[in-house]
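Asker: I have a structure I would like to understand better, so I am pasting it below and will then ask my questions one at a time.
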Amino acid sequence: MEEVILDILTRLRAEAAGTGAPLDARGLARLLDERNRRAGGSERRYVKKALLPFYLRVRDEEPERWRAWAVDAALEERLMALLRMKPRRTASGVATVTVITKPWPCAGGCLYCPNDVRMPKSYLADEPACQRAERAFFDPYLQVSARLRTLAQMGHPVDKVELIVLGGTWSDYPEGYRRWFTAELFLALNDGVAPAAERQAAERRARYEALGIPSERADCAARVASVQESVNEGRLTYNQAVRQLYGTGEQVGTADAQPPGGSAGSSRAADGAPSASWERAAAFQVAAWDEVEAAQRDNEGAACRCVGLVVETRPELVDVPALIDLRRLGCTKVQMGVQSLDPAVLAASGRGDARTVDAVARAFALLRLFGFKIHAHFMANLPGATPAADARDYHRLVSEPRFLPDEVKLYPCVLTAGTPLAARYAAGEWAPYDEETLVALLAADVRVTPSWTRISRMIRDISAHDIVAGNRKTNLRQLVDRRLGEGAGERGESGLGGCALAEFPHVAGQAAGREAPSGGCSSVDARAGLSVAQAPGTPLGAGDGRRGAPRGAAGRRGEAVAPLVREIRSREIAGAEVDEALLRLEVVPYDTVASRELFLQWVTPDNRIAGFLRLSLPMPEALAKHPGVPVGAGEAMIREVHVYGRTSPLARTAAGVQHRGLGRRLVEEACARAAAAGYGAVNVISAVGTRDYYRRLGFEDVGLYQRRSVDAARGAVRRSGGGGLGVPALAMRPAEDAACCQRRFRDASGAATGGALDAPRSDERPVEGAGMPALPVRSVVAADANASCGAACCEAGEERAPHAAGGERGRVR
């Protein structure tokens, strides 16, 4: 193996010196094939996945041997890039680690949720994260530790980690368990990939094994087989089975109702109920707040820092006390099961009714006021739905001010064995959409998704063999991207149940490029602070050809964006290198019932997104409506800062755009805009591992957040502590300047109109908040987004001092 590494290093040195051909992934494959042919035999002796672990082991455990290889920092960076497995794992800027909580009773009664008793409700044992969790006894430390080692061995930096906690509804678990689970997450990060982590992991595994809890798949399946059969046949509910197997919880809601013909205890596991082992484990799965806080303090300077903590819950469980607890735990994002906003569909699915929709709206408002990122789960093809109704329902989610999620998991309903939906399917009362209809529907949904929203996924990680009916295509998103690239819908064709897009005005309008965020979209040049403006409703790809994407391209990361696709994931630069001089800072405002939101984004000439910031300006009346929210009137909130590109180790600058000061400049711009809008302070919902980063930007620890005072009178930043950048805030232009730079517009009917925006029309309404300037709202799309009207705001750029050097620590905050 050493000979192969030395051969690779020699070729990389020759490439750098200009005396050898570039060594890329294909060249590496040829090199390994050649080595294997020389070695002889049918077995491949040299494989890519073994190279990096070997190199890292020698570097860490045999320093003298490693020094003989003469690998400097630049050469090692190129070697790691070449040998890294699955580079997209950290292409979004962080290393994500998903962990699963233990099985627990669920208060919901959804017809479509899988009932795998080896897993928390709605999850299946063959899903990748679930397999890892089961092997780790659902222990958070073991799950995180194993995943960190795997990522590190694949060549990914693991010093900035986003933790995603999935499984049962978070608020349904006991408070002591929630604290223990979180503390263990931080402890695992604090130990990182050091030898101490392996010792700790071994001790924890031995503890579970001593209790007789299995971790091998076959053993786990055999132990619950008879109980699972009873659930599948309707003799036991999922909740009854879980309490029998794990000894967890009291009765929870209507989901504990006895199934027809069943009786509690009508089935037992073959070797007796194994709940005693899990009950003994539950005795040590508790922690106090001081344990959580101690682990958090250690993580602020740990080698693996938490730059985001995500949990999932149901809308009806979102209230002020629950959100205060989440902030104390360090949570920064909440995934929430919305599924549908149609009361009839919710009722037909066993999900709720009109009151559920009101609970969703209230949850959105509270989460936004608290500063959380909001990640909604939304489903198509639920019982009682139609393709046309689904299209309208999704458009409502992403356009109505009561909702407007930051991220969406958008996926179709599928049928798995043992669910109540099976009876509906057998009776012909529910059927999955055909592929053409489903792809057309999802493509229409993507087109109406605004530029501040990210569609994180379109399928669940459910194995094809678990799906009785419904989509089995793991490349569903690729099919949707292909449809978008073909421009389907722009001709009025959709396949939505045989209906044309013309029958869905909201979809047809968006397909034609009519996006109408509240207010204008201004743009700041990354090099000199030159500022131009983009009118309300201008598609981000519109313009003189420099910023548009080639027609017919798929919207996958790293490729050209399909025409008029605005959602974030399709525009991410992923691991691509970007010329910082070409980046522009665009600001897109929009309104919710609780706040005015400003979405600041660094974009490339072809509309790729290199980073963004979410700034929330809470409305005083919204704060008054929800007493107990720990945010005062006159306090703005930075809800997220994210810079894309290949993950760079802390305090180091690598290829890509991380650690180039883009995040700092986003923060400075956000503070300046908050000040100009009349806010006297800016809070940030920082993750535990990013606290030090914000302290160096002048933020102070205040309660559940970090805060920096700003001078609202002058629109300039007032430092509340040391460590600032010394970067003056941008001078703010009058709000109406944001819309003055367009020569021609189309009204809602598509007819061209001439002239710049001057006086508001009768169909415009002012959008106001305390201390916020009124902004006109108009549903228009620019015909030429880059045409200058000759006004001062277009011709005279605003000076911005160069940002100070220094690395950025966190990415997801």
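The values are calculated or read from the model by the stated rules, or taken from the named source; none is laboratory data. From a predicted model like this one, the values you see are computed outputs, not experimental measurements. All Cβ positions, glycine included, derive from the backbone under ideal geometry; neighbour counts span all protein chains shown. Surface areas here come from the heavy atoms of the whole protein model, side chains and all, with no ligands, DNA or RNA. Shrake-Rupley method; radii C 1.70, N 1.55, O 1.52, S 1.80 Å.
Asker: In this structure, does VAL165 turn out to be β-branched (Val, Ile, Thr) and in a loop (DSSP other than H, G, I, E, B)? I'd like the intermediate steps shown before the answer.
Answerer: Numbers: β-branched (Val, Ile, Thr): yes; in a loop (DSSP other than H, G, I, E, B): no.
Answer is no for this residue.
Asker: Could you grab me the full set of residues in the stretch 454-478 that are surrounded by fewer than 19 Cβ atoms within 10 Å (Cβ to Cβ) and more than 19 Å from GLU127 (Cβ to Cβ)?
Answerer: GLN478
Asker: Now, a different point. Could you please find all residues in the stretch 326-350 being without any contact (Cβ under 8 Å) to a residue 40 or more places away in the chain and within 18 Å of LYS409 (Cα to Cα)?
Answerer: If the condition is that a residue be without any contact (Cβ under 8 Å) to a residue 40 or more places away in the chain and within 18 Å of LYS409 (Cα to Cα), then LEU346 is the only one that fits.
Asker: Residues VAL398, VAL408, VAL414: which one is touching a residue at least 40 places away in the same chain (Cβ under 8 Å) and within 17 Å of PRO114 (Cα to Cα)?
Answerer: VAL414
Asker: Could you grab me the full set of residues in the stretch 199-210 that are farther than 15 Å from GLN285 by Cα, touching a helix residue (DSSP H, G or I) at 6+ places or on another chain (Cβ under 8 Å) and either without any contact (Cβ under 8 Å) to a residue 60 or more places away in the chain or open to solvent by 70 Å² or more (accessible area, probe 1.4 Å) (or both)?
Answerer: Selection gives GLN200 alone.
Asker: Among what's in the stretch 47-62 and is in contact with a helix residue (DSSP H, G or I) (Cβ under 9 Å, 6 or more places away or on another chain) and hydrophobic (A, V, I, L, M, F, W, C), pick the residue that is surrounded by the fewest Cβ atoms within 10 Å (Cβ to Cβ).
Answerer: Checked the stretch 47-62; the qualifying residue surrounded by the fewest Cβ atoms within 10 Å (Cβ to Cβ) is VAL47.
Asker: Kindly provide the set of residues from the stretch 223-236 that are open to solvent by less than 70 Å² (accessible area, probe 1.4 Å) and either in contact (Cβ under 8 Å) with a residue 60 or more places away in the chain or part of a helix (DSSP H, G or I) (or both), ordered by number. It would help to see each step written out before you state the result.
Answerer: To start, the set of residues in the stretch 223-236 that are open to solvent by less than 70 Å² (accessible area, probe 1.4 Å) comprises 223-228, 230-231, 234, 236.
ARG223, VAL224, ALA225, SER226, VAL227, GLN228, SER230, VAL231 - these are the residues of the stretch 223-236 that are open to solvent by less than 70 Å² (accessible area, probe 1.4 Å) and either in contact (Cβ under 8 Å) with a residue 60 or more places away in the chain or part of a helix (DSSP H, G or I) (or both).
Asker: Here's another thing I want to ask about it. Restricting the stretch 418-453 to residues that are in contact with a strand residue (DSSP E or B) (Cβ under 6 Å, 6 or more places away or on another chain) and open to solvent by 40 Å² or more (accessible area, probe 1.4 Å), which is nearest to GLY337 (Cα to Cα)?
Answerer: Within the stretch 418-453, the match that is nearest to GLY337 (Cα to Cα) is PRO432.
Asker: Across the stretch 297-309, which residue is farthest from VAL99 (Cα to Cα) among those that are touching a residue at least 24 places away in the same chain (Cβ under 8 Å) and surrounded by fewer than 22 Cβ atoms within 10 Å (Cβ to Cβ)?
Answerer: Residue satisfying both the conditions and the ranking: GLY301.
Asker: Residue check, GLY632 against (1) in contact with a helix residue (DSSP H, G or I) (Cβ under 6 Å, 6 or more places away or on another chain); (2) at pLDDT below 95; (3) more than 30 Å from ALA95 (Cβ to Cβ), all met but one. Which one?
Answerer: Answer for GLY632: the failing condition is (1).
Asker: Follow-up question, since we're still on this one. Provide a single number: the residues in the stretch 111-137 that are hydrophobic (A, V, I, L, M, F, W, C) and open to solvent by 10 Å² or more (accessible area, probe 1.4 Å).
Answerer: The qualifying residues number 4.
Asker: Pairs only if they're at least six apart or on different chains, beta carbon under 7 angstrom, first in the stretch 134-156 and in contact (Cβ under 8 Å) with a residue 24 or more places away in the chain, second assigned to a loop (DSSP other than H, G, I, E, B) and basic (Lys, Arg); list them, first residue then second.
Answerer: So the pair list comes out as GLU134/ARG118; PHE138/LYS102; MET154/ARG84; MET154/LYS86; GLY155/ARG84; HIS156/ARG84.
Asker: To continue, here is another question. Please enumerate the residues belonging to the stretch 168-194 that are outside any helix (DSSP H, G or I) and either aliphatic (A, V, I, L, M) or in contact with a Cys (Cβ under 9 Å, 6 or more places away or on another chain) (or both).
Answerer: GLY168, THR169, GLY192, VAL193, ALA194 - these are the residues of the stretch 168-194 that are outside any helix (DSSP H, G or I) and either aliphatic (A, V, I, L, M) or in contact with a Cys (Cβ under 9 Å, 6 or more places away or on another chain) (or both).
Asker: For residues in the stretch 364-394 being among the basic types (Lys, Arg) and buried (at least 22 other Cβ atoms within 10 Å of the Cβ), which is nearest to ARG614 (Cα to Cα)?
Answerer: LYS373
Asker: I've got another one for you. So, in the stretch 26-49, how many residues would count as being modelled with pLDDT of 80 or more and of a type in the set (Gly, Ala, Ser)?
Answerer: Selection size over the stretch 26-49: 2.
Asker: Step by step: first the residues of the stretch 89-106, then only those that are among the β-branched types (Val, Ile, Thr) and surrounded by fewer than 22 Cβ atoms within 10 Å (Cβ to Cβ), then the one that is modelled with the lowest pLDDT. Which residue is that? Walk me through how you get there before you give the answer.
Answerer: Initial filter on the stretch 89-106 (among the β-branched types (Val, Ile, Thr)): 90, 94, 96-101.
Next cut, surrounded by fewer than 22 Cβ atoms within 10 Å (Cβ to Cβ) only: 96, 98.
Numbers: THR96: 90, THR98: 95.
Residue satisfying both the conditions and the ranking: THR96.
Asker: In addition: For residues in the stretch 313-363 being crowded, with 23+ Cβ neighbours inside 10 Å, in contact with a Phe, Trp or Tyr (Cβ under 9 Å, 6 or more places away or on another chain) and among the small types (Gly, Ala, Ser), which is nearest to PHE403 (Cα to Cα)?
Answerer: SER340
Asker: Given the criteria surrounded by fewer than 24 Cβ atoms within 10 Å (Cβ to Cβ), more than 30 Å from GLY680 (Cβ to Cβ) and either in contact with a Lys or Arg (Cβ under 6 Å, 6 or more places away or on another chain) or aliphatic (A, V, I, L, M) (or both), does ALA622 qualify?
Answerer: Criteria not met by ALA622.
Asker: Among the residues of the stretch 430-462, which ones are part of a loop (DSSP other than H, G, I, E, B) and modelled with pLDDT of 95 or more?
Answerer: TRP430, ALA431, PRO432, TYR433, ASP434, THR449, PRO450, SER451, TRP452, THR453
Asker: Okay, next question. Suppose the filter is modelled with pLDDT of 90 or more and either among the acidic types (Asp, Glu) or surrounded by 24 or more Cβ atoms within 10 Å (Cβ to Cβ) (or both); does TYR679 pass it?
Answerer: Here the answer is yes, as TYR679 does meet what is asked.
Asker: Determine which single condition PRO214 fails, assuming it passes every other condition in (1) outside any helix (DSSP H, G or I); (2) free of Cβ contacts under 8 Å to residues at least 60 places away in the same chain; (3) more than 29 Å from GLN240 (Cα to Cα).
Answerer: Against the list (1) outside any helix (DSSP H, G or I); (2) free of Cβ contacts under 8 Å to residues at least 60 places away in the same chain; (3) more than 29 Å from GLN240 (Cα to Cα), PRO214 comes up short only on (3).
Asker: Could you go through the stretch 471-483 and let me know if any residue there is part of a loop (DSSP other than H, G, I, E, B) and either modelled with pLDDT of 95 or more or small (Gly, Ala, Ser) (or both).
Answerer: No: zero hits.
Asker: Taking the stretch 363-389, which residues are of a type in the set (Phe, Trp, Tyr) and either within 30 Å of ALA431 (Cβ to Cβ) or without any contact (Cβ under 8 Å) to a residue 60 or more places away in the chain (or both)?
Answerer: PHE378
Asker: Further question on the same structure: So the check is Cβ under 7 Å with 6+ separation or different chains; which pairs have a first residue in the stretch 20-46 that's farther than 12 Å from LEU83 by Cβ and open to solvent by less than 70 Å² (accessible area, probe 1.4 Å) and a second one that's among the basic types (Lys, Arg) and assigned to a loop (DSSP other than H, G, I, E, B)?
Answerer: Short answer, once both residue conditions are applied: ASN36/ARG44; ASN36/ARG45; ALA39/ARG45.
Asker: Let me ask something else about it. Could you look through the stretch 162-185, keep only residues that are in contact with a helix residue (DSSP H, G or I) (Cβ under 6 Å, 6 or more places away or on another chain) and of a type outside the set (D, E, K, R), and pick out the one that is nearest to LYS409 (Cα to Cα)? Break it down into steps so the answer makes sense when it comes.
Answerer: Keep residues of the stretch 162-185 that are in contact with a helix residue (DSSP H, G or I) (Cβ under 6 Å, 6 or more places away or on another chain), which gives 163, 171, 179, 181-185.
Cutting the leftovers down to of a type outside the set (D, E, K, R) gives us 163, 171, 181-183, 185.
Details: LEU163: 17, SER171: 20, PHE181: 25, THR182: 24, ALA183: 27, LEU185: 24 Å.
Here the answer is LEU163.
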